[in-house]
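Remarks on the structure that follows.
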Amino acid sequence: MDFLGEPIAIPEIPEAILPEPVQIPIPTLELPKADIPSYTPLVAPPADLRPPPGVKPYKEEKKPPTEAPRPPFKPQLPPEVRKFDVPYTDYSVPMPSTDILVTATTTATVSVAATLTATAIFKRLVSIMKPIIKKILTKKNKNAKD
């Protein structure tokens, strides 16, 4: 007895009979047609247009203005707002009082410092707690398997 066992007789496979292919005619494609863009030109009167002789021109009745134009409204600034004259220009820029500027600056500084500190503390806590949490989870998984 050989290592692979006794040889198996392979039956003969019959020859496949394939039908003739269907003849498909070559398609003929028409040439594409493009719609050429067009526009109707605008009729504009010439710059020196005058009425024909003998025609009276239309006169517009000008009504006198009923009210005199008002100057633009400038709101009154509160007393705690100072004006800063921009050098070499005719502009003046309103500036809040020193108390308001100090409060805004302090608030912005504290919020940025708190955000940066909290980010650093959070990153440090993640690096410390990650191995501890992994140990706890591996012990829990071992207990669950037992």
Inset, instruction - Quick one: check the C-alpha center-to-center distance for the stretch 14-77 versus the stretch 102-141, whole angstrom. - result: 61 Å
Inset, instruction - Of the options Val112, Ile136, Leu101, report the single residue whose Cα projects farthest towards the positive end of the charge dipole of the stretch 82-145 (beta-carbon charges: Lys, Arg +1; Asp, Glu -1). - result: Ile136
Legend entry - chymotrypsin sites (Phe, Trp or Tyr not before Pro) within the stretch 51-138: DSSP coil, no more than 10 neighbouring Cβ in 10 Å: Tyr58, Phe73, Tyr88, Tyr91
Legend entry - Among (i) 28, 19, 15; (ii) 36, 16, 12; (iii) 83, 63, 13, the entry that matches semi-axes √(5λ) of the Cα gyration tensor in Å as calculated here: (iii)
Legend entry - Estimated inter-spin distance, Phe84 and Thr105, nm [label 7 Å along Cα→Cβ]: 1.1 nm
Inset, instruction - Find, to one decimal place in angstroms, the Kirkwood hydrodynamic radius of the stretch 82-145, where the mean of 1/r is taken over every pair of different Cα atoms and then inverted. - result: 16.8 Å
Inset, instruction - Let me have the 222 nm mean residue ellipticity of the chain computed from DSSP H runs of 4+ only, each contributing -39500 (n - 2.57), with the sum over all residues rounded to the nearest 500. - result: -12500 deg cm²/dmol
Legend entry - Sparsely packed trypsin sites (Lys or Arg not before Pro) within the stretch 61-96, loop by DSSP, other Cβ within 10 Å at most 16: Lys62
Legend entry - Of Pro87, Pro25, Pro45, the one that fluctuates the most in a GNM where the chain has Cα springs shorter than 10 Å: Pro25
Inset, instruction - For the chain, find the longest principal axis of its Cα atoms and tell me its angle to the long axis of helix 98-145, 0 to 90°, nearest 10. - result: 10 degrees
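Any read-out appearing in this document is the output of simple, stated calculations on the displayed coordinates, not a laboratory observation. Keep in mind it's a predicted model, so treat the numbers as computed, not measured. Note that each Cβ is placed from the backbone with ideal geometry, even for glycine, and that neighbours are counted across all protein chains shown.
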